[in-house]
């Protein structure tokens, strides 16, 4: 207490007590202000934080306004930066590979089917779908089949931030192709805000007819629900097709509820309607690394020319002639020649000396710096350094740990792609196949639960791969023997195959071998029942015919004391 507080205490103790209470409250407030994140990440007083003015707005302001620039730079890196190409193609190869394959897994119990009936229906559905998916007729542009469409969609998703697929139906081809379902994959730039409603980066654009807000080509209602997409007839910034028109496509059909547009992207924030390019967090790092690599490469090329300079202390003479030969011819500076070669001896003029241009390139720390930056970039992209650089120089344990960590991200992206593209397409295909009578599914259009039971499926892609196959197979065998896994799961994860198909194929192969080589098929295998039988016969000769018999030939337990 200061002197003034002590004076108040003498005059009015109540007032002095109130001042002390108020002073305690102020100190408490100050302590809260200077605690927690205010002393670390949220500090405005530290020198390291004073110049940091972070500002985050809505997903549309943070993402949509910057998307055109991010897309252009991401595409440029994909075409010119080796590390960027490796990052995107490594994801494409491991997520999709040759294409995600359908494995129908209907709910047989709910549909009151026996196991045999369910297997037969699933094989029929897979046969019909593969017939449609393997033809380029499933593509509206007739360029790719469904498995190739998946690869292009995955590349577009990673490179542009999202991939857009339009659902179309072509009835004109029904005379030679039984299905009218068509997929039309378009560039992300074509999904844009119409110019009549504002520029395609204008966040205040509205549809004049519906009064709905349009965010970068995605129309949403007052509750934030996606209701339509606006598709440009060509690329908004291209002069190849100067006349541009926009078509409003409803997100879902009014009668069926099926999607008319499949927008494939990975959401980062709530109420986000467009995707962010995969390389967005590391665009600057990749560009700077590319520039540094180009500079080192150019310096190494220049250094490879082995340039030599001849310096002179006398400087350049002002006289055009430097002497006269015995024949009387004038000798100029251009006539003096110095050459490099094996065993060459050059005599320099007085005051001249040789200097070799050495750019000191490549730098001794070039490889270490690039490797360190590649690890930094790979950590942001969820790709270990070994996969990003395709360099496996570490131990078995380290390489396996890197692959396992990468496959967590690959599987997540594969699930995302299957849910956003493959599964909706399969459900629309089944609806057409059942409606046309090519597949029979009672109650499919009457009860949503029955439809869901018929549409259940798995989408299998490339397997993870094995560094040491023997160790991996032994571990899988151990997991199965301890009931920690199943034959079907191990077959899918290790080879990407189907266990039941393998069993059926092995049965056919064994029968074929038995027909072609009966002697080999009849030969007993090591550890087979035939060897056990021969051992049993030897026991009979030794007087031990029963499994529980006395080794000395006497009656065993349960013989009733009587030898037979």
Problem set entry | Options 355, 339; residue that is in contact with a strand residue (DSSP E or B) (Cβ under 7 Å, 6 or more places away or on another chain) and either in a loop (DSSP other than H, G, I, E, B) or at pLDDT 60 or above (or both) | 355
Exercise. Since residue 504 meets every condition but one in (1) under 30 Å from residue 178 (Cβ atoms); (2) touching a helix residue (DSSP H, G or I) at 6+ places or on another chain (Cβ under 9 Å); (3) in a helix (DSSP H, G or I); (4) free of Cβ contacts under 8 Å to residues at least 60 places away in the same chain, which condition does it not meet?
Worked result: (2)
Problem set entry | Count - residues of the range 111-147 that are over 21 Å from residue 459 (Cβ atoms), part of a helix (DSSP H, G or I) and more than 29 Å from the chain's Cα centre (by Cα) | 4
Exercise. Can you find even one residue in the range 89-103 that is in contact with a strand residue (DSSP E or B) (Cβ under 6 Å, 6 or more places away or on another chain) and assigned to a helix (DSSP H, G or I)?
Worked result: no
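Given the criteria in a helix (DSSP H, G or I) and closer than 25 Å to residue 251 by Cα, does residue 413 qualify?
yes
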Exercise. Does the range 46-63 contain any residue that is in contact with a strand residue (DSSP E or B) (Cβ under 7 Å, 6 or more places away or on another chain) and either assigned to a helix (DSSP H, G or I) or at pLDDT 90 or above (or both)?
Worked result: yes
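Got a sec? Which of 462, 424 is closer than 30 Å to residue 90 by Cα, touching a strand residue (DSSP E or B) at 6+ places or on another chain (Cβ under 8 Å), surrounded by 12 or more Cβ atoms within 10 Å (Cβ to Cβ) and touching a residue at least 24 places away in the same chain (Cβ under 8 Å)? Give the derivation first.
Working: 462 fails: touching a strand residue (DSSP E or B) at 6+ places or on another chain (Cβ under 8 Å).
Within the list 462, 424, the selection yields 424.
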Exercise. List, please: which pairs have Cβ atoms under 6 Å, are six or more places apart or on different chains, and start with a residue in the range 13-42 that is over 24 Å from residue 2 (Cβ atoms) and end with one that is outside any helix (DSSP H, G or I) and modelled with pLDDT of 70 or more?
Worked result: none
Exercise. Has the range 220-231 got at least one residue that is under 28 Å from the mean Cα position of the chain (by Cα) and surrounded by fewer than 19 Cβ atoms within 10 Å (Cβ to Cβ)?
Worked result: yes
Exercise. Within the range 98-118, how many residues are surrounded by fewer than 16 Cβ atoms within 10 Å (Cβ to Cβ) and farther than 14 Å from residue 454 by Cβ?
Worked result: 4
Exercise. Within the range 474-481, is there a residue that is surrounded by 13 or more Cβ atoms within 10 Å (Cβ to Cβ) and touching a residue at least 12 places away in the same chain (Cβ under 8 Å)?
Worked result: yes
Problem set entry | Unmet requirement for residue 108, which otherwise passes all of (1) within 12 Å of residue 439 (Cβ to Cβ); (2) free of Cβ contacts under 8 Å to residues at least 60 places away in the same chain; (3) assigned to a loop (DSSP other than H, G, I, E, B) | (1)
For this session: Could you check how many residues of the range 177-209 are at pLDDT 85 or above and out of contact with any strand residue (DSSP E or B) (no Cβ under 7 Å at 6 or more places or on another chain)?
Result: 7
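The values are calculated or read from the model by the stated rules, or taken from the named source; none is laboratory data. All values derive from a computational prediction rather than experimental measurement. Cβ sites come from the backbone with ideal geometry, for glycine too, and all protein chains shown count toward neighbours.
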